[in-house]
Amino acid sequence: MSRRREDGGQATAELALVLPVVCLLTLAVVQVALVARAQLLVEHAAREGARAAAVDPALGAAAAAVVAAVPLDPSRLETTVTEAGAGRVRVEVRYRLLTDVPLIGPLLDDVDLRAATTMRREPAP
């Protein structure tokens, strides 16, 4: 006659111990993915702003192109346009990303993202 061993309670206890850690790790991965996405958007915005500044000498052209290019909060988006010499223009974009993922966001500081692109100015038609 075989004796049956009961271990259903052990599995429940192990799950109760491991599940919060797995949830926190998953939320941390989500926060890192959001930061990476925002960095890519900031780089794209810098390229779009540099292209706009290269073809349009108006002062607000680059900033308007940056805001229109990405779905980021314009109130936390800062654009700087400078002459890079030799007929080139440099656009730097800064963005302050709020870390707002539940449980993980309050543990981290907000992230400052930046990207810069330099392009040659196009001749006027």
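The values are calculated or read from the model by the stated rules, or taken from the named source; none is laboratory data. These numbers come from a predicted model, not from an experiment. Cβ coordinates were reconstructed from backbone atoms using ideal geometry, including for glycine residues, and neighbour counts include every protein chain displayed.
If Pro71 meets every condition in (1) outside any loop (DSSP other than H, G, I, E, B); (2) under 29 Å from Arg120 (Cβ atoms) apart from one, which number is that one?
All conditions are met except number (1).
Could you tell me whether Ala115 is within 14 Å of Gly49 (Cβ to Cβ), surrounded by fewer than 15 Cβ atoms within 10 Å (Cβ to Cβ) and of a type in the set (A, V, I, L, M, F, W, C)?
In short, no.
Which pairs do you get when a residue that is in contact (Cβ under 8 Å) with a residue 24 or more places away in the chain, found in the stretch 9-34, comes within reach of a residue that is in a helix (DSSP H, G or I) and surrounded by 12 or more Cβ atoms within 10 Å (Cβ to Cβ), reach meaning Cβ atoms under 7 angstrom, with the pair 6+ apart or on two chains?
If the second residue must be in a helix (DSSP H, G or I) and surrounded by 12 or more Cβ atoms within 10 Å (Cβ to Cβ), the pairs left are Gln31/Gly105.
I'm trying to understand the selection: among the residues of the stretch 71-110, which are touching a residue at least 24 places away in the same chain (Cβ under 8 Å), surrounded by 12 or more Cβ atoms within 10 Å (Cβ to Cβ) and more than 29 Å from Ala54 (Cα to Cα)?
Of everything in the stretch 71-110, those that are touching a residue at least 24 places away in the same chain (Cβ under 8 Å), surrounded by 12 or more Cβ atoms within 10 Å (Cβ to Cβ) and more than 29 Å from Ala54 (Cα to Cα) turn out to be Thr99, Val101, Leu103, Ile104, Gly105, Leu108.
Out of the residues in the stretch 110-125 that are modelled with pLDDT under 90 and of a type outside the set (A, V, I, L, M), which is farthest from Ala62 (Cα to Cα)?
Taking the candidates together, the pick is Pro125.
Condition (residue is more than 14 Å from the chain's Cα centre (by Cα), farther than 29 Å from Pro20 by Cβ, in a strand (DSSP E or B) and not acidic (Asp, Glu)) applied to the stretch 35-54: is it met by at least one residue?
No, every residue in the stretch 35-54 fails to be more than 14 Å from the chain's Cα centre (by Cα), farther than 29 Å from Pro20 by Cβ, in a strand (DSSP E or B) and not acidic (Asp, Glu).
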